[in-house]
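This report refers to the structure that appears directly beneath it.
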Amino acid sequence: METLNIESLITDLALILTLGAISTIIFKKLKQPVVLGYIVAGFMASPHFALLPSVAIEANIEFWAQIGIIILLFSLGLEFSFKKLLNVGGSAVITALIIVLGMMSVGFITGKVLNLSTINCLFLGGMLSMSSTTIIIKALSDLNMKTRKFVPGVFAVLIVEDLFAVVMMVVLSSVAINKSVDSGEMLWSILKLLFFLTVWFTVGVFVLPSLFNRLRTLISDELMLVIAMALCFMMAIFSVKSGFSMALGAFVMGSILAGTSKAEHIERVVEPVKDLFGAVFFISVGMMVNPQIIVQYWPTIALLSVVVVVGMIVFGTFGMLATGQPLKIAMESGFCLTQIGEFAFIIASLGMSLGVLDPTLYPIVVAVSVITTFFTPFFIKSAVPCYNRVERMLPSRLSTLLNGYSRGATQGEQPRSSKLWPAIVKRYLLRVLLYSVVTIALIIVVRTYYVPFMEHTPLGPRWGRLLAAVTALGGLSPFIFAIISPPVKSNELDKLLESSGTVSYVPIVVMLILSLIVAMALLMSLLAGLYSVPVSALVVVVIVALMALVFAPILRERISRIEKHFIGNVNERDLRRTGRNTNLVSDLHLAYIRVGQACPFAGEKLINADLRRTYGVNVVSIQRGMQRHLIPTKEMRILPGDIIGVVGNDDQIQRLLPIVEAQETEAPRQVGDVKFTHLTLSEQSPLIGKSLAQARLREDYSTLLIQLQRGPDTFISPTPELRFFPGDVIWVVGDTTKHEKLK
């Protein structure tokens with residue numbers, strides 16, 4: 001039986017990958033996105049297509065597809081670090097909130113139009129409010145648009161939507177069971193989510209970059225792939241154990257690794273795995289296409305598809321505009337979100353399991369998902385033409401108003417020294433929150449694992465418990481001290497005094513009192529249950545007093561080292577890129593910069609790039625894959641994807657960074673095939689009368705001359721002085737789309 005299952009698993013995988021390969025070739029020939037080919041391949045492999053063999057066990061494909069979702073979200077995390085998410089976090093939350101609330105309202109109204117019950121309308125609104133992260137990632141990759149300006153904002157909105165989905169499922173479950181929203185359960189779900197993200201982000205950032213730096217000489221491509229996949233799946237399991245989805249855990253781990261200096265290396269080794277399992281996921285989506293359901297319920301499916309497309313465009317564009325994005329970026333973002341995906345199925349499954357969802361809704365939503373997924377690439381490509389049309393029709397006064405609002409919202413007002421209090425309070429709250437979460441996580445580990453272990457040692461329960469409490473207090477002391485540290489620095493007090501002439505100490509005292517309450521509550525939660533309340537309270541008071549009066553210098557130094565290490569790891573990728581963590585002498589830094597596709601000297605030899613004379617920097621290394629060339633020769637070329645080590649001062653490196661890292665901002669131009677062919681020159685050819693040097697075949701026609709045939713048997717090798725005449729036959733290699741111009 002076990003052999004049969006394994007055999008069917010391999011057979012099904014072979015079938016879908018074969019069909020996927022054939023469909024991909026056809027769709028590439030038709031110049032269509034590959035994801036559409038995968039969906040067609042999935043339909044052909046399903047039982048609904050009788051002309052070809054179908055998969056034996058659909059659960060086999062579901063297994064591979066789940067792995068595909070995990071790896072796709074992990075790859076998205078690698079491209080979208082927590083630092084990026086925080087930078088666009090406020091606008092992403094507002095945009096996602098507008099989209100989710102807007103689409104839930106429209107979905108509810110549509111459900112009422114379809115005569116569905118109230119609970120079914122709520123579930124329908126939830127299913128229609130979540131765009132598919134995995135589908136958008138693949139569509140943008142196929143269209144070579146992942147470097148476009150609007151993409152980071154879209155990714156941020158998608159991640160926030162996924163976080164909202166966790167809360168939405170709690171709300172829908174509560175409404176289905178209790179006929180009302182349990183606010184306590186919803187708040188607990190939100191707090192648990194924030195706790196999970198904070199703990200793993202903090203631990204991961206503190207540990208992983210340092211670990212990679214220690215092992216950098218041992219890590220090959222093979223080992224890096226094994227480590228990356230291990231971390232990805234481990235975090236996915238932790239996420240499930242914490243009550244969240246595997247996909248969320250995979251994204252969190254990818255985001256943590258995105259801040260390390262190994263992020264590009266991990267991206268490169270994971271990409272083939274992502275492509276393989278991503279293909280299986282999209283094929284599995286195509287397998288859900290059921291023509292009978294589409295025929296039977298086509299008016300409902302068509303209506304819901306239109307609602308999804310129009311609603312996502314409207315609310316997505318409006319959400320981006322509300323956060324200060326220009327109209328073009330807002331429309332490009334809105335047109336990206338025109339589909340529903342995996343979360344629609346998850347919410348539908350939840351409704352089915354609770355017994356409140358109309359059974360016919362599930363296949364209808366599946367059909368809507370497949371249809372909107374199929375048309376997603378076309379909507380993404382049509383965003384700019386639609387924007388151009390809207391811009392021409394838009395009244396000039398409204399266009400000026402939108403542009404002015406966009407600039408004002410994105411630039412904002414520069415903070416002044418007299419407005420330090422908001423910054424101080426924000427830093428204080430963030431510091432207390434972060435250290436409290438870390439302390440709570442450590443207390444949970446101590447109470448759950450460490451204390452029981454120590455109680456069963458030869459020391460016995462009493463002394464084992466005492467030793468566990470003492471060592472735990474020693475380990476937690478830096479974090480407790482960080483919580484009760486003064487919220488205002490001395491130099492900030494001086495600035496406050498300069499700006500207003502006086503300083504109110506009331507906010508400082510309030511913050512100190514709150515810090516003491518939080519710190520003492522945390523210490524009490526550690527000791528509670530181990531000792532009586534009076535003893536625990538006395539110990540807590542003594543410990544806090546000793547921290548503040550005796551051990552403050554030691555603890556301050558220790559927490560300073562921890563914070564420096566943490567901040568260094570958070571900024572490791574940027575510090576390595578700018579060289580600010582590698583001071584050599586005076587103001588000179590050693591920076592490592594990845595060469596982008598649009599770098600103006602990509603492909604040039606070092607001697608021709610002349611970086612020393614143009615930018616004042618010296619290239620001391622070039623890393624290409626796993627090979628690192630130290631002090632490269634002047635004949636060595638700089639290629640896209642290389643990591644070049646340059647030495648220069650801060651101004652020189654900052655000026656060089658955007659030039660070296662430049663990426664294509666538009667989709668690459670479609671070119672014809674490169675072929676070896678021959679052309680006969682007519683009298684109208686632009687080459688007639690010119691020499692080979694004057695013809696600029698390489699520069700203007702992307703073509704290389706191999707031989708010139710003059711007469712039936714005369715072949716001439718190319719030289720700069722060679723001239724072209726009517727009737728000449730030129731044998732060339734190059735872009736076939738430009739050959740007609742040469743004739």
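The values are calculated or read from the model by the stated rules, or taken from the named source; none is laboratory data. On a predicted model such as this, the values are computed, not experimentally measured, just so you know. For neighbour counting, all protein chains shown are included, and Cβ atoms are generated from backbone atoms with ideal geometry for every residue, glycine included.
List of remarks:
Residues checked against (1) more than 11 Å from His678 (Cα to Cα); (2) assigned to a strand (DSSP E or B); (3) in contact with a Lys or Arg (Cβ under 6 Å, 6 or more places away or on another chain); (4) at pLDDT 85 or above:
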position	(1), (2), (3), (4)
Arg698	yes, no, no, no
Ile706	no, yes, no, no
Pro712	yes, no, no, no
Pro718	yes, no, no, yes
His739	no, no, no, no
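- Count of the range 282-299 residues, restricted to those that are part of a helix (DSSP H, G or I) and surrounded by 20 or more Cβ atoms within 10 Å (Cβ to Cβ), is 6.
- Filtered residues of the range 449-470 (kept if more than 15 Å from Leu527 (Cβ to Cβ) and exposed (fewer than 13 other Cβ atoms within 10 Å of the Cβ)): Tyr449, Phe453, His456, Thr457, Pro458, Gly460
- Residue in the range 329-340 that is of a type in the set (D, E, K, R), assigned by TED's automatic domain parsing to the domain that holds Ser91, under 22 Å from the mean Cα position of the chain (by Cα) and farther than 23 Å from Pro47 by Cα present: yes
- Residue in the range 542-565 that is within 14 Å of Leu476 (Cα to Cα), buried (at least 19 other Cβ atoms within 10 Å of the Cβ), at pLDDT 85 or above and in the same structural domain as Arg431 (by TED's automatic domain parsing) present: yes
- Summed over the range 426-463, residues that are among the aromatic types (Phe, Trp, Tyr), closer than 20 Å to Phe238 by Cα and in contact (Cβ under 8 Å) with a residue 12 or more places away in the chain total 1.
- The number of residues in the range 527-539 that are within 12 Å of Leu476 (Cβ to Cβ) and modelled with pLDDT of 85 or more comes to 0.
- When the test is whether a residue is part of a loop (DSSP other than H, G, I, E, B) and modelled with pLDDT under 75, Ser504 passes it.
- Residues of the range 695-743 that are among the hydroxyl-bearing types (Ser, Thr, Tyr), closer than 15 Å to Thr680 by Cα and without any contact (Cβ under 8 Å) to a residue 24 or more places away in the chain: Thr714 alone.
- Any chance Ile340 is under 28 Å from Ile177 (Cβ atoms), crowded, with 16+ Cβ neighbours inside 10 Å and among the aliphatic types (A, V, I, L, M): yes
- Among the residues of the range 129-175, those identified as under 15 Å from Leu78 (Cα atoms) and β-branched (Val, Ile, Thr) are Thr133, Thr134, Ile137, Thr147, Val151, Ile159.
- Criterion applied to Val55, Val40, Val35 was being in a helix (DSSP H, G or I), at pLDDT below 80, out of contact with any strand residue (DSSP E or B) (no Cβ under 6 Å at 6 or more places or on another chain) and among the aliphatic types (A, V, I, L, M), and the one residue passing it is Val35.
Conditions tested, residue by residue: (1) part of a helix (DSSP H, G or I); (2) under 22 Å from Ile69 (Cβ atoms); (3) of a type in the set (Gly, Ala, Ser).
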residue	(1), (2), (3)
Ile313	yes, no, no
Thr317	yes, no, no
Gln339	no, yes, no
Ala348	yes, yes, yes
Met352	yes, yes, no
Val368	yes, yes, no
Ile371	yes, yes, no
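- Here the range 223-255 is the region considered, the condition is being without any contact (Cβ under 8 Å) to a residue 40 or more places away in the chain and surrounded by fewer than 19 Cβ atoms within 10 Å (Cβ to Cβ), and the residue that is farthest from Arg624 (Cα to Cα) is Lys241.
- Residue check, Gly249 in a helix (DSSP H, G or I) and small (Gly, Ala, Ser): yes
- Members of the range 130-165 found to be in contact with a Ser or Thr (Cβ under 9 Å, 6 or more places away or on another chain) and closer than 19 Å to Met352 by Cβ, listed by number: Ala165
- Under the condition of being among the basic types (Lys, Arg) and either at pLDDT 85 or above or more than 18 Å from Gln627 (Cα to Cα) (or both), the residues counted in the range 201-222 number 1.
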